[in-house]
Every structure is written in C-alpha cells, then in structure tokens.
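The values are calculated or read from the model by the stated rules, or taken from the named source; none is laboratory data. Everything numeric in this text was worked out from a predicted model, so none of it was measured. Here the Cβ positions follow ideal geometry from the backbone for every residue, glycine too, while neighbour counts run over all protein chains shown. Only protein heavy atoms, including side chains, enter the accessible area calculation; ligands, DNA and RNA are left aside. Shrake-Rupley method; radii C 1.70, N 1.55, O 1.52, S 1.80 Å.
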Amino acid sequence: MNGVGKTTTAAKLAQRFRSLDKRRPILAAGDTFRAAAIDQIKIHGDRLGIRVIAHQHGGDPAAVIYDAVEAAHAGAGDLIIADTAGRMHTKSALIEELKKINRVVESRASGCDYIKYLVLDATTGRNAIAQAEIFKEAVSPSGVILAKYDSSARGGTVFSLAEDLKLPVVFLCTGEKYGDIVPFNPVQYAKEFVGLA
Ligand SMILES: Nc1nc2c(ncn2[C@@H]2O[C@H](COP(=O)(O)OP(=O)(O)OP(=O)(O)O)[C@@H](O)[C@H]2O)c(=O)[nH]1
Ligand SMILES: [Mg+2]
C-alpha cells in the first residue's frame, strides 16, 4: 500500500546485499503509476551508485522488471530488486497488476531465485494484518519486511502474521537511512515483547 516504505526499503536492500554479500544489485523502477516514483528511485540509485532500470511514467511494470532481468543476464548485475506501486486507480487494479508482474517474473526468470517481500508499515497494527491477508491471497509473498519499526510500539503484529497468516517477518526497518535495516531476530523480539530484553 502507499507510503509504507517500499521504495526506501528497496534501496536499503540493494545497499545491504551489495555491502554484506558482495552482490551487484540492479534496482527496477516498477512503480510506473505515481508520477514522481521513477525519479525517487533514480535518486536512490544515484546516491548509492546502483544502476536503475526504468521506463516511462505510465509504462508496464512487468516490462521494466523483464528489462532488468535481461540486463542482469547481459552481465550488468546479479540481483534485481524491484520496487512496485503502492497506489493505482483502485485497490483491485493494484492487486491485478501485482499478479501480472508475478506471472511474468515467474515465467521469464525461471531458474533464478525469486523472492517476494511484502513491506508493511509497523505503525498500522491491525490494518497491516488486513493488508497482508489480501496480498498473501494474491501473490503469496515469501515474507514480510516491517518498515517504520522505529516509530511503532512493540505490538503483536509479528505474532499475528506468523500464526494466522504463516508469513514470517524477515527484516525490520528502523529509520530513514540506508543502513536502517536489520534481519528480524525472533528471540530478541519475544524478549522485548515480554519485557525481558
Ligand atoms: N521512520 C522511518 N521512516 C521510514 C522508514 N522507511 C521509510 N520511511 C519513510 O516513509 C516515507 C515513505 O517511504 P517510501 O519508501 O516512499 O514509501 P512507499 O511505500 O514506496 O510509498 P509509495 O510509493 O507512495 O506507495 C518516506 O518519508 C521514508 O523516508 C523507516 O523504517 N522508518
Ligand atoms: Mg514507492
């Protein structure tokens, strides 16, 4: 959904995989709907020195991601991190677009590891769970990244995601800087939750 932190998280992941795992990431500007979205991800790419594959505003996001796959096959990188839109004309249009992107990537990137993360705003509680239910049904994400964790109260979101939806939280985002992303540590989270940290 819009404003949860997807684009920032995409940039953080690119920077993290490059510095820790020595990967060569490419960012794909898959939000072609919002007018400023392409510039926003290009700015992240410029700041980080990471290549961004983008088409024009209004273009087909699946085609952008497909081009990024081609660029990687041609040697420009070995990891594609694709941003997606958070808002379209209607919510169902957004879901249909994600399903289409998913179908295209599944068919064109066979043989590659393909991981789908759902970025949720940690400050939104039950609303985040409701969103997760919809996105799980549509594209079965592999895991969740909780953004804005720095601004949230330690809630039961993580438990509901795991128990009710079988969606593991994989990363927490803890601020606006590129380094503000950490792997989720369930033991530490549980300790903090019950006040034993
Ligand atoms: N405090 C805090 N702010 C964050 C975090 N992640 C993102 N933000 C801020 O949240 C705002 C929205 O972030 P974006 O990355 O643009 O969110 P988005 O989901 O891509 O938004 P749309 O593309 O409009 O749907 C920005 O001002 C970010 O700096 C975080 O972990 N903590
Ligand atoms: Mg965005």
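So which pairs qualify, if the first residue must be in the stretch 1-17 and touching a residue at least 24 places away in the same chain (Cβ under 8 Å), the second must be near ligand 1 (Cβ under 8 Å from one of its atoms) and of a type in the set (S, T, N, Q), the Cβ gap must be under 7 Å, and the two must be at least 6 apart or on different chains?
If the second residue must be near ligand 1 (Cβ under 8 Å from one of its atoms) and of a type in the set (S, T, N, Q), the pairs left are Thr7/Gln40.
For the list (1) touching a helix residue (DSSP H, G or I) at 6+ places or on another chain (Cβ under 7 Å); (2) open to solvent by 20 Å² or more (accessible area, probe 1.4 Å); (3) over 18 Å from Gly179 (Cα atoms); (4) part of a loop (DSSP other than H, G, I, E, B), I need the number of the one condition that Arg23 fails.
Failed condition: (3).
Does Ile115 qualify as being within 12 Å of the chain's Cα centre (by Cα), surrounded by fewer than 17 Cβ atoms within 10 Å (Cβ to Cβ) and either at positive phi or not small (Gly, Ala, Ser) (or both)?
Yes: the conditions hold for Ile115.
Which one is farthest from ligand 2 (Cβ to nearest atom), of the residues in the stretch 28-40 that are of a type outside the set (Val, Ile, Thr) and under 17 Å from Ala63 (Cα atoms)?
Applying the filter and picking the extreme gives Ala28.
Spot the failing condition for Gly86; the list is (1) open to solvent by 40 Å² or more (accessible area, probe 1.4 Å); (2) within 14 Å of the chain's Cα centre (by Cα); (3) modelled with pLDDT under 95, and only one is missed.
(1)
Take Asp150 and decide whether it is within 18 Å of the chain's Cα centre (by Cα), under 19 Å from Lys6 (Cα atoms) and of a type in the set (D, E, K, R).
Taking the combined requirement at face value, the residue satisfies it.
Mind checking which residues of the stretch 162-197 are touching a residue at least 24 places away in the same chain (Cβ under 8 Å) and among the β-branched types (Val, Ile, Thr)?
Val169, Val170, Thr174, Ile181
Taking the stretch 174-197, which residues are of a type in the set (A, V, I, L, M) and either in a loop (DSSP other than H, G, I, E, B) or under 22 Å from Gly45 (Cβ atoms) (or both)?
If the condition is that a residue be of a type in the set (A, V, I, L, M) and either in a loop (DSSP other than H, G, I, E, B) or under 22 Å from Gly45 (Cβ atoms) (or both), then Ile181, Val194, Leu196, Ala197 are the ones that fit.
Of the residues Ser140, Ser107, Ser92, Ser151, only one is surrounded by fewer than 17 Cβ atoms within 10 Å (Cβ to Cβ) and touching a helix residue (DSSP H, G or I) at 6+ places or on another chain (Cβ under 7 Å); which?
One residue alone meets the criteria, Ser151.
Among the residues of the stretch 125-158, write down those that are away from ligand 2 (no atom under 16 Å from the Cβ), over 30 Å from Ala72 (Cα atoms) and of a type outside the set (Gly, Ala, Ser).
Arg126, Asn127, Ile129, Glu133, Ile134, Tyr149, Asp150, Arg154, Thr157, Val158
Can you name the residue in the stretch 124-137 that is open to solvent by less than 70 Å² (accessible area, probe 1.4 Å) and among the polar types (S, T, N, Q) and is also nearest to the chain's Cα centre (by Cα) among such residues?
Among those that are open to solvent by less than 70 Å² (accessible area, probe 1.4 Å) and among the polar types (S, T, N, Q), it is Gln131.
So which of Ala37, Ala54 ends up being under 24 Å from Leu146 (Cβ atoms), surrounded by 14 or more Cβ atoms within 10 Å (Cβ to Cβ) and within 16 Å of ligand 1 (Cβ to nearest atom)?
Ala37
Assuming Ile43 fulfils every condition listed in (1) open to solvent by less than 10 Å² (accessible area, probe 1.4 Å); (2) in a helix (DSSP H, G or I); (3) within 13 Å of ligand 2 (Cβ to nearest atom); (4) farther than 16 Å from Tyr117 by Cβ apart from one, which condition is it?
Only one criterion in (1) open to solvent by less than 10 Å² (accessible area, probe 1.4 Å); (2) in a helix (DSSP H, G or I); (3) within 13 Å of ligand 2 (Cβ to nearest atom); (4) farther than 16 Å from Tyr117 by Cβ is unmet by Ile43, namely (1).
Taking the criterion of being among the aromatic types (Phe, Trp, Tyr), more than 16 Å from ligand 2 (Cβ to nearest atom) and closer than 22 Å to Leu161 by Cα, would at least one residue in the stretch 66-76 satisfy it?
no
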